[in-house]
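What follows is a set of notes on a single structure, which appears directly below.
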Amino acid sequence: MVSGHWIRYYHCSDWLIGFARMDVFTGGITPSSRMVRYLPLAIIAVWLLAYWPTFAALWQRWIQWDEAVAHGLPVFAIFVYFIYRRLPELTELKAGLWERLAALCLLFTGSGLWVIFYLISIDILAQLILLPLLLLAFSAVYGFRILTRFALLWPFFLFALPAWDYLNDPLLFLSSEFVGVMVRIAGMPAVIQGNSIFIPYGHILIADGCSGLRYLVIALALGYLVALLNQYRWGKLCITLTIAGILGLITNWIRIFILIVVGYKTEMQSSLMADHEYFGWALFALIGLPALFLAPVVKSSSQRLSDSLPEKPSLAGLIAMVGALAVAPMMSSFLLADGSVPEITPMLAGMGTPRSSTPLLVSAPDADRVEIIYIPDRNLYARVDHYRQTRQGQKLVPYIKRLYDSGQWQPVANETRMLAKKPVEWTVFQKKGSREQVAQLQWMKVGPYHSSSVVQAKLWQIPARLGGHRQFQVVTLQSSCLNRDCDSVQHRLEAMASELLQNEVRPL
């Protein structure tokens, strides 16, 4: 009796040989039939060309191998290869006229949405709409049954997108909490403040790169690949992804805990404290590879190809599909006029003494202009970072991870308030390892729209950009808290904020 693992090796070797030869489905096919069979790859090529600006941005992320989407390029290649493997099944699908017309209408609409996302430089939405656009292009040729026929395959493309970056902060919090519990259970003398762990020999910071995002996404992608190779059903796929996700998270937590133990035992002198990248991946392989080996194998029956010539899609239908895809670059080229670059109007001129910094450094991206003043009679600092969109492709709201140094400061109070009928964010920061506190009021302005958070600002840039507004501001008011009494400075910050908000006489 042949064991399941020998079956695994047989299927794996057969899969690799087929990949190398690239002729698994070509034997006995006439040139005309081969042209029809390879039509899906032509659709993918048109898809790539039509939305190349977004794919170019993805390419720049994929080739930065130290990023969280370093696996994006192999994921995309495997995705295309799986479509190639299913070409014979694609040619069996037929679509009615009304079905194709509906898909074309939706494809035109989706292309228009991509143009909007591209023009206002919201990369994440432009990237997320790529997969629906590909599915609609396929549906316009093969009908909507293709969506359910290969329902398990399509989501695999999502592992190549940077949308997972939005999980970084929750994962960082989760890692800090779990590792903190492990440190307490181990009985090590340590003070834990957020993502910082202070041991007698130094400060260990669980930085953004230690959130475990890379391990989680790659573990999920590998689990999904196992499901595709074994043709799991949805129930088994969910179980596989759950196990893969747990293993990815646990790998990162164990890695951080080991580093803390090594730092404590070696008094922070081990070389592992400075260079632990390879250690993390070795630990990931140690935990992940046995799980891949033990994954259940499902033996699929081989499918004999039909000798009959597949139905050729109509030429008019193909032209309409290509036109629906091509409408995106045509529209974007037509609407790419940059217009005049707006002038920056100072917001704090004559209101205080210019300074070079604030009590708590605002870690905003490089701005076109930065105003920083100190107002002695109010004992507060004011800072405004001005940004302008001067060319197409430049973001109106730049990428902002966070606006403070999480390695040095920790928020101990945070809430959104309304001043002059506009939202502002009230935060009290405490310096890690000390009793120093700073109170802060902060808000953002995207054209005429106000926001208290980066997420809201990203959403407001849609109507702002469509309305022709091309300026963005981050306004920050700060004051040091005396004797840890931040309530005493609250009214001074709010009075200053109300004054600035009420003095806005015109939109940017």
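Miscellaneous remarks
- Cross-link partners of Lys401 among lysines (Cα-Cα below 29 Å; sequence separation of 8 or more within a chain): Lys421, Lys422, Lys431, Lys432, Lys445, Lys458
- The stretch 188-289: relative contact order as a whole-number percent, Cα under 8 Å and 6+ apart: 26 percent
- Ranked order, Thr240, Thr476, Thr416 - accessible area, probe 1.4 Å, largest first: Thr416, Thr240, Thr476
- Dmax and Rg, reported as Rg then Dmax, of the stretch 390-508 (C-alpha, Å): 15.6, 49
- Area accessible to solvent at Glu343, 1.4 Å probe radius, in Å²: 140 Å²
- Computed lengthening from Ser488 to Trp234, 0.36 nm per intervening residue step minus Cα-Cα distance: 85.7 nm
- Low-density loop positions, trypsin sites (Lys or Arg not before Pro), the stretch 419-477 - DSSP coil, at most 13 other Cβ in 10 Å: Lys421, Arg435
- Short-range pairs are left out: with C-alpha atoms under 8 Å and at least six residues apart, the relative contact order of the stretch 430-508 is 36 percent.
- The stretch 116-175: C-alpha gyration tensor shape, a/c 1.5 cut-off, then a/b vs b/c: oblate
- Only protein heavy atoms count here; on that basis, with a 1.4 Å probe, Tyr381 has an accessible area of about 50 Å².
- Normalised size of the stretch 59-164, defined as Cα radius of gyration per 2.2 N^0.38 Å with N residues, equals 1.17.
- Relative contact order (%) - the stretch 370-508, alpha-carbon pairs under 8 angstrom, separation at least six: 26 percent
The values are calculated or read from the model by the stated rules, or taken from the named source; none is laboratory data. All values derive from a computational prediction rather than experimental measurement. Methodologically, a virtual Cβ is constructed for each residue, glycine included, from the backbone with ideal geometry; neighbour enumeration extends over all protein chains shown. Ligands, DNA and RNA are stripped out before the accessible areas are found, and what is left, the full protein with its side chains, is counted by its heavy atoms. Shrake-Rupley method; radii C 1.70, N 1.55, O 1.52, S 1.80 Å.
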